[in-house]
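All of the numbers you see were taken from the coordinates with simple rules; none came from a lab. Keep in mind it's a predicted model, so treat the numbers as computed, not measured. Here the Cβ positions follow ideal geometry from the backbone for every residue, glycine too, while neighbour counts run over all protein chains shown.
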Amino acid sequence: MRTVKPLVALAATFLVLAACASQKEPAEQVVSRVDSALSEFRADAEKYAAEELKSVDESVANLKKQLAKQDYGAVVQGGTPVLNAVNSLKDTVAQRKVDAEQMLAAATEEWNSLTAALPAQVDTLQKRVDQIAKTKKLPKGLDKAGFETAKTDFDNLKTQWTQAGADFAEGKAAEALRKARAVKASIADLATRLEAKLS
């Protein structure tokens, strides 16, 4: 009777070890699948869903910790929710990428329209400023101090337009567009103050 209990305990130990061993390969496959699925779109995820990616990365890291501890059952059990999270993130990234591309297309169209019109208007304002400076004949309602302010505003406008062009060239379409819209509004305001006729 005394030898039965140790044998039963030993058998139970072997069963546990066998169960663990049988789950090792599936657990490794789970982690490999998750890693592979995530690596396919990681670069886009970093760009379009950085916060969500951080959360998924934490879940993957936990899976790997469990694998390192040889807690294969926990890895197999937890693998499906993590893989589902990866797939959900993939869908989110794909949608945000499409949205970003559509926004960029719209921004580019508006930018092209502005770049077709604003340079000529800036040139018209420059000629008007030069004309007033030369003739000393100020527009109605504008004194000398007001004209100096208008010239400063015009210089700022030109600087902002140059910065907008640089932003667009660097791929910062939204920032470029924001500045270009401000330039457009400033041009209209200065044209009124300086009595300039824009084409």
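Could you tell me how far the Cα centroid of the range 180-195 sits from the Cα centroid of the range 55-120, in Å?
If you average the Cα positions of each part, the centres end up 41 Å apart.
May I ask for the angle, rounded to the nearest 10°, between helix 144-169 and the longest principal axis of the chain, with both axes built from Cα atoms and the value confined to 0 to 90°?
Between helix and principal axis, roughly 30 degrees.
Computed FRET efficiency, Cβ-Cβ of Lys158 and Thr92, R0 35 Å: what is it to the nearest 0.05?
0.25
Report, in deg cm²/dmol and to the nearest 500, the calculated mean residue ellipticity at 222 nm for the chain, where each DSSP H run with n ≥ 4 adds -39500 (n - 2.57) and the sum is divided by the residue count.
One gets -31500 deg cm²/dmol as the mean residue ellipticity at 222 nm.
Here are several values of Kirkwood radius over Cα pairs in Å: [x] 22.7; [y] 20.3; [z] 17.3. Which one was derived from the coordinates shown?
[x]
List the trypsin sites (Lys or Arg not before Pro) within the range 50-79 that fall in a DSSP loop (any state other than H, G, I, E or B) and whose Cβ has at most 11 other Cβ atoms within 10 Å. Kindly include the intermediate steps, with their values, before the conclusion.
On the way: sites: Lys54, Lys64, Lys65, Lys69; in loops: Lys69.
Passing sites in the range 50-79 are Lys69.
Placing +1 at every Lys and Arg Cβ and -1 at every Asp and Glu Cβ, with all other atoms neutral, what dipole size does the range 99-194 have around its Cα centre, in debye to the nearest 20? If you can, show how the numbers build up before the last one.
Values: 15 positive and 14 negative charges, 170 e Å.
For the range 99-194, the charge dipole is close to 820 debye.
Determine which lysines satisfy two conditions relative to Lys144: a Cα distance under 20 Å, and not lying fewer than 8 residues away in the same chain.
Counting by Cα, and skipping residues close in sequence, Lys144 has these lysines nearby: Lys127, Lys134, Lys136.
So how tilted is helix 173-194 from the main axis of the chain? Cα-based, degrees 0 to 90, rounded to 10.
20
What dipole magnitude, in Debye to the nearest 20, does the chain give about its Cα centre under +1 on Lys/Arg Cβ and -1 on Asp/Glu Cβ?
520
With axes computed from alpha carbons, what is the tilt in degrees of helix 72-135 against the longest principal axis of the chain, rounded to the nearest 10 within 0 to 90?
The answer is roughly 10 degrees.
Over the chain, with a Gaussian network built from C-alpha contacts below 10 Å, which listed residue (Ala45, Ala133, Ala182) shows the highest mean-square fluctuation?
Ala133
Using a 7 Å offset from Cα along Cα-Cβ at Ala117, what residues in the range 160-199 end up with backbone N under 16 Å from the label point?
Correct set: 177-192, 197-199.
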